[in-house]
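Note sheet for the following structure.
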Amino acid sequence: MKAEVLREEDFRHLKLLMALSPYKPFASYPGVSVKQSLDYWYKIVLKNLIESKLNKIFVIREKGNLLGAIFIRYLKWDSKHFGFDMAEIPFCLFLNQNYSASQKIASVLLSKVINYSRNCHIRHLAVKVDPQHMDFISCLQRKRFKLVATQVVYYLALNSFKAVKKKYSFSIRPYEKKDWLKMSFLARQAFSQREYWLDRFHADCSLPNDKADNLYLRWLENCIKKIEADKVLVAELDGQTAGFICFRINKDINKIFTVHFGQVVLNAVSPAYRRRGIYTALVNEALKWLKNKNVSLATIATQMSVVPVRKTWQNLGAHLGGAQLVFHRSLKTGSK
Ligand SMILES: CC(C)(COP(=O)(O)OP(=O)(O)OC[C@H]1O[C@@H](n2cnc3c(N)ncnc32)[C@H](O)[C@@H]1OP(=O)(O)O)[C@@H](O)C(=O)NCCC(=O)NCCS
């Protein structure tokens, strides 16, 4: 059994393999049909495939059909930030066969990607996988990928959402230039506290901690520059920046789906001002803004361990949209 680069004549079979996968993006959301989900996924894969010449899909063929396919995608932003080449595996698909046959296919595909990465000097691989994709997870573990995070996504239908009308002891207003210094301090503090927040970058000991801290600052900067967000709100108390929330309308996705998605991208409250309802108020304001812009479904991705985020969204009536286990593998010199 051999994995080879996807050829033009394989595309039709690739789409079939994707259609058979139970892990299609957004497929479990209300108002999203299986066809829309598949069309969206296929379109994104084709778009991502041509982003970099390092991006490749490897497949295993048998009698003109595909037994499996794996996608490796170069991560330009992450590579620049951490100072070495990094990539992700957006999917590893295989025909649902018996356990040992699936393991064999997954193993051949993963080995191919690891060898390819080494040849291209890619030193770090990341994979996000549905917790139910057990065949693939066992294979990742055998290939020494380490579990670094458990992510969950919540969604809230905004048609019945009504923002709470309440007088707060703090104010909520749009971001202004003068906020940057205090806000960047807040972000660095909030996302480097391991007892409250442990993302996949901080949890991976092959990645330097200061770079993981700085990643949030760069992310926040990109939200403010409107690259990653449409709007940034700040909570102010006693002249201090107590919290912030960055959110956006998912314009690209909304071109395909009939439901209109909006997303909370980044949010935090200063440790000094927590448990006073500031986050709850920021989320309410963000949802109000999104609803006014005709967003019908608002989402947030977080770590499963972050109780206040889960509580806030569940209190609002949000549902669990999905979960992903995140695995990393370092391919630095010396690691086998
Ligand atoms: C998550 C975070 C923004 C919450 O901010 P906050 O202003 O303290 O949250 P709130 O006061 O609005 O509380 C929201 C809910 O969570 C509960 N809560 C807050 N902190 C909690 C904790 N440590 N443990 C359990 N429940 C908690 C509150 O009681 C409230 O629930 P209730 O309304 O049912 O009583 C803040 O803890 C934080 O910045 N954490 C680090 C960064 C982070 O996780 N960001 C979110 C990324 S998705």
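The values are calculated or read from the model by the stated rules, or taken from the named source; none is laboratory data. Values in this document were obtained by computation on a predicted structure and should not be read as measured data. Cβ coordinates were reconstructed from backbone atoms using ideal geometry, including for glycine residues, and neighbour counts include every protein chain displayed.
Odds and ends about this structure:
- Scanning the range 75-96 for residues that are charged (D, E, K, R), under 19 Å from residue 56 (Cβ atoms) and not in a loop (DSSP other than H, G, I, E, B) yields 76, 78, 88.
- All conditions but one from (1) acidic (Asp, Glu); (2) modelled with pLDDT under 95; (3) under 28 Å from residue 153 (Cα atoms) apply to residue 78; the one that does not is (2).
- Residues satisfying the criterion are absent from the range 107-126 (criterion: at pLDDT below 95, not small (Gly, Ala, Ser) and not assigned by TED's automatic domain parsing to the domain that holds residue 306).
- All of 24, 63, 104 fail the test of being on the phi > 0 side of the Ramachandran plot and modelled with pLDDT under 95, apart from 63.
- Check on residue 210, in a helix (DSSP H, G or I), at pLDDT 95 or above and either in the same structural domain as residue 305 (by TED's automatic domain parsing) or more than 11 Å from the ligand (Cβ to nearest atom) (or both): no
- Only one entry of 276, 329 meets the criterion of being surrounded by fewer than 18 Cβ atoms within 10 Å (Cβ to Cβ) and either modelled with pLDDT of 95 or more or among the polar types (S, T, N, Q) (or both), and that entry is 276.
- Screening residue 6 on (1) within 23 Å of residue 299 (Cα to Cα); (2) at pLDDT 95 or above shows it passes everything except condition (1).
- Residue check for residue 245: at pLDDT 95 or above and surrounded by fewer than 21 Cβ atoms within 10 Å (Cβ to Cβ): no
- Selection within the range 165-193: residues that are modelled with pLDDT under 90 and exposed (fewer than 11 other Cβ atoms within 10 Å of the Cβ). The member of this set that is nearest to the ligand (Cβ to nearest atom) is 166.
- Any pair with Cβ under 8 angstrom, 6 or more apart, that starts in the range 40-53 at a residue that is free of Cβ contacts under 8 Å to residues at least 60 places away in the same chain and ends at one that is among the polar types (S, T, N, Q): 48/55; 49/55
- Qualifying residue in the range 60-79 (condition: polar (S, T, N, Q), closer than 23 Å to residue 38 by Cα, surrounded by fewer than 19 Cβ atoms within 10 Å (Cβ to Cβ) and in contact with a strand residue (DSSP E or B) (Cβ under 8 Å, 6 or more places away or on another chain)): no
- Condition met for residue 217 (in the same structural domain as residue 274 (by TED's automatic domain parsing), surrounded by 15 or more Cβ atoms within 10 Å (Cβ to Cβ), of a type outside the set (Asp, Glu) and touching a Lys or Arg at 6+ places or on another chain (Cβ under 7 Å)): yes
- Scanning the range 40-56 finds one or more residues that are in a strand (DSSP E or B) and in the same structural domain as residue 132 (by TED's automatic domain parsing).
- Scanning the range 1-15 for residues that are hydrophobic (A, V, I, L, M, F, W, C) and either surrounded by fewer than 15 Cβ atoms within 10 Å (Cβ to Cβ) or without any contact (Cβ under 8 Å) to a residue 12 or more places away in the chain (or both) returns 1, 5, 11.
- Among the residues of the range 1-34, those that are within 13 Å of residue 66 (Cβ to Cβ) and assigned to a helix (DSSP H, G or I) comprise 9, 10, 11, 12, 13, 14, 15, 16, 17, 18, 19, 20.
- Each residue in the range 17-39 was checked for being in contact (Cβ under 8 Å) with a residue 40 or more places away in the chain and within 14 Å of residue 92 (Cα to Cα), and 6 pass.
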